[in-house]
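Working notes, beginning with the structure itself.
The values are calculated or read from the model by the stated rules, or taken from the named source; none is laboratory data. Since we're looking at a predicted model, the values are computed, not measured. In this analysis, Cβ positions are derived from the backbone assuming ideal geometry, glycine residues included, and neighbour counts consider all displayed protein chains. Areas reflect the complete protein model, heavy atoms only, side chains present, ligands, DNA and RNA absent. Shrake-Rupley method; radii C 1.70, N 1.55, O 1.52, S 1.80 Å.
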Amino acid sequence: MLKPRKHLPAYNDGILRVYREERGRVTDFGAPRNVYGIADMELVARLAYRVEGCREQDFEFAERASFQLTLKVSTQRVGGIDAGCKVVIGRTLFDIGHVDPSRTELYFYLQEVGEVDDA
(Lines give C-alpha, C1' and ligand atoms only; values in the text may rest on other atoms or scores of the structure.)
Protein backbone atom coordinates (compact mmCIF):
# COMPACT_ATOMS: atom_id res chain seq x y z
CA MET A 1 0.00 0.00 0.00
CA LEU A 2 1.36 3.41 -0.96
CA LYS A 3 1.58 6.21 1.55
CA PRO A 4 -0.50 9.27 0.70
CA ARG A 5 1.47 12.27 -0.50
CA LYS A 6 2.03 15.04 1.95
CA HIS A 7 0.59 18.39 1.02
CA LEU A 8 3.35 20.80 0.01
CA PRO A 9 2.54 24.49 0.33
CA ALA A 10 2.51 26.57 -2.85
CA TYR A 11 4.46 29.82 -2.82
CA ASN A 12 3.17 31.29 -6.06
CA ASP A 13 2.80 35.02 -5.37
CA GLY A 14 6.33 35.91 -6.48
CA ILE A 15 9.98 36.03 -5.47
CA LEU A 16 11.35 38.12 -2.63
CA ARG A 17 14.96 38.85 -1.83
CA VAL A 18 16.24 39.04 1.74
CA TYR A 19 19.18 41.35 2.38
CA ARG A 20 21.30 42.39 5.33
CA GLU A 21 22.78 45.86 5.58
CA GLU A 22 26.53 45.94 5.07
CA ARG A 23 28.39 46.48 8.31
CA GLY A 24 30.52 49.56 8.74
CA ARG A 25 28.23 51.90 6.77
CA VAL A 26 28.42 54.92 9.07
CA THR A 27 28.85 58.64 8.61
CA ASP A 28 31.89 60.57 9.81
CA PHE A 29 30.30 61.07 13.24
CA GLY A 30 29.21 57.42 13.71
CA ALA A 31 25.54 57.50 12.67
CA PRO A 32 24.35 54.63 10.44
CA ARG A 33 23.79 55.48 6.78
CA ASN A 34 20.40 54.91 5.15
CA VAL A 35 19.93 52.19 2.55
CA TYR A 36 19.25 53.62 -0.91
CA GLY A 37 19.94 50.70 -3.21
CA ILE A 38 20.81 47.07 -3.60
CA ALA A 39 24.52 47.96 -3.61
CA ASP A 40 24.20 49.05 0.05
CA MET A 41 23.20 45.55 1.16
CA GLU A 42 24.36 41.94 0.83
CA LEU A 43 22.03 39.18 -0.37
CA VAL A 44 21.06 36.56 2.22
CA ALA A 45 18.41 34.55 0.33
CA ARG A 46 16.09 34.59 -2.66
CA LEU A 47 12.76 32.91 -1.83
CA ALA A 48 9.34 32.29 -3.34
CA TYR A 49 6.55 33.68 -1.16
CA ARG A 50 2.82 33.56 -0.54
CA VAL A 51 0.86 36.59 0.69
CA GLU A 52 -0.98 35.86 3.93
CA GLY A 53 -4.06 37.59 5.27
CA CYS A 54 -3.46 40.03 8.10
CA ARG A 55 -5.67 39.31 11.09
CA GLU A 56 -6.67 41.81 13.74
CA GLN A 57 -4.29 40.04 16.15
CA ASP A 58 -1.42 40.68 13.71
CA PHE A 59 -2.12 44.42 13.63
CA GLU A 60 -2.36 44.53 17.43
CA PHE A 61 0.90 42.60 17.76
CA ALA A 62 2.64 45.00 15.36
CA GLU A 63 1.37 48.00 17.28
CA ARG A 64 2.66 46.54 20.57
CA ALA A 65 6.02 45.78 18.92
CA SER A 66 6.27 49.40 17.63
CA PHE A 67 6.04 48.83 13.88
CA GLN A 68 3.32 49.29 11.27
CA LEU A 69 2.26 46.07 9.56
CA THR A 70 2.07 46.60 5.80
CA LEU A 71 2.31 43.05 4.47
CA LYS A 72 2.49 39.52 5.86
CA VAL A 73 4.09 36.79 3.73
CA SER A 74 5.19 33.21 4.23
CA THR A 75 8.15 31.37 2.72
CA GLN A 76 9.87 28.05 3.18
CA ARG A 77 12.02 27.85 6.28
CA VAL A 78 15.68 28.78 5.83
CA GLY A 79 18.34 29.81 8.31
CA GLY A 80 20.14 33.11 8.73
CA ILE A 81 17.08 35.38 8.50
CA ASP A 82 16.03 37.54 11.43
CA ALA A 83 14.30 40.84 12.17
CA GLY A 84 17.51 42.74 11.35
CA CYS A 85 17.19 41.88 7.67
CA LYS A 86 15.42 43.75 4.90
CA VAL A 87 13.14 42.37 2.17
CA VAL A 88 12.83 43.61 -1.42
CA ILE A 89 9.74 42.70 -3.44
CA GLY A 90 9.95 44.21 -6.91
CA ARG A 91 11.45 47.62 -6.17
CA THR A 92 9.76 48.05 -2.78
CA LEU A 93 11.95 47.86 0.33
CA PHE A 94 10.50 46.46 3.56
CA ASP A 95 11.86 46.20 7.10
CA ILE A 96 11.16 42.89 8.80
CA GLY A 97 9.26 43.77 11.96
CA HIS A 98 9.03 40.18 13.16
CA VAL A 99 9.83 36.68 11.92
CA ASP A 100 7.47 33.95 13.13
CA PRO A 101 8.92 30.48 12.45
CA SER A 102 6.88 27.31 12.23
CA ARG A 103 8.23 23.80 11.68
CA THR A 104 8.41 24.21 7.88
CA GLU A 105 7.73 27.90 7.16
CA LEU A 106 8.75 31.43 8.07
CA TYR A 107 6.15 34.18 8.39
CA PHE A 108 7.48 37.71 7.79
CA TYR A 109 5.66 40.71 9.24
CA LEU A 110 6.80 43.52 6.95
CA GLN A 111 6.76 47.32 7.16
CA GLU A 112 7.16 49.23 3.90
CA VAL A 113 10.09 51.63 3.90
CA GLY A 114 10.22 52.90 0.32
CA GLU A 115 11.69 52.24 -3.11
CA VAL A 116 15.24 51.06 -3.83
CA ASP A 117 17.54 51.72 -6.75
CA ASP A 118 18.53 48.64 -8.72
CA ALA A 119 22.11 49.84 -9.06
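Structure values in brief
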| item | result |
| --- | --- |
| Helix-only [θ]222 nm of the chain, DSSP H runs n ≥ 4, -39500 (n - 2.57) each, per residue, nearest 500 | -2000 deg cm²/dmol |
| Region 35-119: C-alpha gyration tensor shape, a/c 1.5 cut-off, then a/b vs b/c | oblate |
| Backbone HN-Hα couplings from phi across region 49-65 [Karplus 6.51/-1.76/1.60, Hz, Gly and Pro as x] | 9, 10, 6, 9, x, 8, 8, 4, 4, 5, 5, 5, 4, 4, 5, 5, 8 |
| GNM result for the chain, Cα springs below 10 Å: residue of Arg91, Arg103, Arg46 fluctuating most strongly | Arg103 |
| Percent accessible area from carbon and sulfur atoms, the chain, protein chains only, probe 1.4 Å | 48 |
| Pair Glu56, His7: separation of 7 Å Cα→Cβ label points (nm) | 2.6 |
| 1.4 Å probe accessible area per residue over the chain, in Å² | 67 |
| Contour excess over end-to-end distance, with Cα ends at Glu112 and Thr70 and 0.36 nm allotted per residue | 14.5 nm |
| Sequence-separation-based contact order of the chain, relative, with Cα cut under 8 Å and 6+ spacing, percent | 27 |
| Under 5 Å, built H, 5+ apart or other chain: amide partners of Leu93 | Val113, Gly114, Glu115, Val116 |
